[in-house]
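Scroll down for the structure; my scribbles are underneath it.
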Amino acid sequence: MAPAAVHRLGHVALRVADMERAKGFYTALGLQLTWDAADWAYLQSPLTGDGIALLSPDYTAAGPHFAFHLDDRAAVDAVHARLSASGVSVGPVHDHRDGTASFYLQDPEGNWLEILYEPPAGIPANTGCDPIPSLTPGDGGHRRETDPG
């Protein structure tokens, strides 16, 4: 059986000094605010679901990183087990309140990354908007079957 492959490069997380200024800048570029908390925010392309996480100075759960998204929850555990068995230091898998699950690790060059399960309907929002499903790679740019559009 082939190792689980990443679904896509799904988001980048940046540390920002001024959350309101950063949210205003990225919404002006056409990104949609889908998660808004006092210490972090998540914005996504309404066309592709690709995201950017903005981390305030008070956010301590993670630092700047990039994330590979997987479309199968079990694949997160499989990748975690495979990396751990090969001697890579990986953090624990966490199931998050929004239905995602992930773990963090560093690549051989010291860059932080996250391996994240993204539910089929997209990452849920807390801002009143509908989740934005990602485009499925290799399907000619079509949305997943869960997307009504």
### Query
Given the conditions (1) closer than 27 Å to P46 by Cα; (2) surrounded by fewer than 16 Cβ atoms within 10 Å (Cβ to Cβ), and given that A62 satisfies all but one, which numbered condition is not satisfied?
(2)
### Message
Of the residues H69, H96, only one is touching a Ser or Thr at 6+ places or on another chain (Cβ under 8 Å), surrounded by fewer than 18 Cβ atoms within 10 Å (Cβ to Cβ) and either within 12 Å of G10 (Cβ to Cβ) or modelled with pLDDT under 95 (or both); which?
### Response
H96
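Count, please, the residues in segment 64-90 that happen to be among the small types (G, A, S) and in contact with a strand residue (DSSP E or B) (Cβ under 6 Å, 6 or more places away or on another chain). Reasoning before the result, please.
Taking segment 64-90 and keeping what is among the small types (G, A, S), we get 67, 74-75, 78, 81, 84-87, 89.
Next cut, in contact with a strand residue (DSSP E or B) (Cβ under 6 Å, 6 or more places away or on another chain) only: 67, 84.
The number of residues fulfilling the criteria is 2.
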### Summary
Here the residues within segment 47-70 that are out of contact with any Asp or Glu (no Cβ under 9 Å at 6 or more places or on another chain) and under 21 Å from L29 (Cα atoms) are L47, T48, D50, G51, I52, A53, L54, P64
### Query
Any idea how many residues of segment 41-59 are crowded, with 19+ Cβ neighbours inside 10 Å and either within 28 Å of R82 (Cα to Cα) or of a type outside the set (A, V, I, L, M) (or both)?
6
#### Entry: Options A101, A85, A125: the member that is crowded, with 18+ Cβ neighbours inside 10 Å and more than 14 Å from H69 (Cα to Cα)
A125
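The values are calculated or read from the model by the stated rules, or taken from the named source; none is laboratory data. Computed from a predicted model, the values in this text were never measured in an experiment. In this analysis, Cβ positions are derived from the backbone assuming ideal geometry, glycine residues included, and neighbour counts consider all displayed protein chains.
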